[in-house]
Amino acid sequence: MPSNSVIRKAVDVDGLPASYLTAAGADGHTDGPPVLLLHGTYWSRVWLPVMAELASAGLRPIAVDLPGLGQSAGELDARSATVPALADWVRRFAAASGIDEPLHVAGHDIGGAIAQHLAVGGSGEVARLALVNSVTYDSWPVPGVQRFRNPEVVDSTSVEELLAARRAAVTAALARPATEAEISEYLDPWRSRRVGRSWMALAGAADSRYTLDLVPAMRASDTPKLLVWGEDDTFQGITYAERFAEEMPHTALVRVPDAGHIPMENDAKAVATALSAFFSPEGA
């Protein structure tokens, strides 16, 4: 890990340990305003490059691994892997972690769909919503995810085949040269058959109706919104972010040049600066 301030913790949710990354500020304190950081088809590792800087800005970043994914226990199935079910789980995680609503939430990839559902899905309350190269509208599922909606594909996919598919996806998402150690670290959770099954359940449950159905409520929402977008993303194109920023009220767009689907890996400073300014008490 790049900073000694970043640590991994766990809290019980539904009787199972939920793993998450958090970080302390320069003074060692972890009592700043909490910001939930949600992953999608990756895991909490995507947020690691910005954790220390968010903490240094006085925030308490909490990058949770969704159930059955990353280093969290449990296993997702077709029902529990849907966006509404995962949003409900995130609320339970927040309550178990002592995080009061209204929540401050940032979501990446499908984690952005979960964040949108938290914000306007009908239950709970979100004070500030940030989306980082998130799924929106009908931008998903992408072909590499959509193929796992076929039960025959799921049944026939071995751990080795899933690792190969995820290696290709991670390599493309990083949008920069990466060492074998970096790629191996990203791939580590998928070496578990249980996590692989959970991931394929998440992929199988991927459905753009979960964002399309939210569009009217999002257009009516006065919740402050921030989009942070790697301009060179080949999975979630910048045109979707531009449309969202134009159509949704109280939305700002921060473009990250020369960055791909995981802009935290291309320009951590730019992403952390944008999120810190948006979520800090002074920016509220």
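The values are calculated or read from the model by the stated rules, or taken from the named source; none is laboratory data. Model, not experiment: these values are computed from the prediction. Reconstructed Cβ throughout: ideal geometry from the backbone, glycine too, with neighbour counts over all protein chains shown. For accessibility, only protein heavy atoms count, side chains too; no ligands or nucleic acids. Shrake-Rupley method; radii C 1.70, N 1.55, O 1.52, S 1.80 Å.
For the stretch 36-103, the set of trypsin sites (Lys or Arg not before Pro) satisfying both a DSSP loop assignment and a count of at most 11 other C-beta atoms within 10 Å is given as R79.
With the Cα gyration tensor of the stretch 244-284 giving a ≥ b ≥ c as the square roots of its eigenvalues, does the rule (a/c under 1.5 for rounded; else a/b larger than b/c for prolate; else oblate) give rounded, prolate or oblate? The shape class here is oblate.
By accessible area of protein heavy atoms, probe 1.4 Å, what ranking do L253, L76 get, highest first? Could you put the intermediate results ahead of the total?
Numbers: L253 50, L76 10 Å².
Result, largest first: L253, L76.
Once all protein chains are placed together, Y210 keeps about 30 Å² accessible to a 1.4 angstrom probe.
A rounded overall shape is assigned to the chain, the ratio a/c of its alpha-carbon gyration tensor axes (a ≥ b ≥ c) being less than 1.5.
For the chain, the share of accessible area belonging to carbon and sulfur comes to 50 percent (1.4 Å probe, ligands and nucleic acids excluded). Close amide-amide hydrogen proximity is noted between V126 and L103, each under 5 Å apart and 5 or more residues distant or on a separate chain (H modeled in the peptide plane; Pro and chain starts excluded). As a length-normalised measure over Cα pairs under 8 Å and 6 or more apart, the relative contact order of the stretch 1-101 settles at 29 percent.
Rounded to the nearest 5, the antiparallel percentage of DSSP beta bridges internal to the chain is 30%.
Using modelled amide H (1.01 Å from N, peptide plane; none on Pro or chain starts), what sits under 5 Å from the amide H of L38, excluding residues fewer than 5 places away? Amide H neighbours of L38, under 5 Å, 5+ apart: A106, G107, H108. Think of a 1.4 Å ball rolled over the protein heavy atoms: the chain then has 40 Å² of accessible area per residue.
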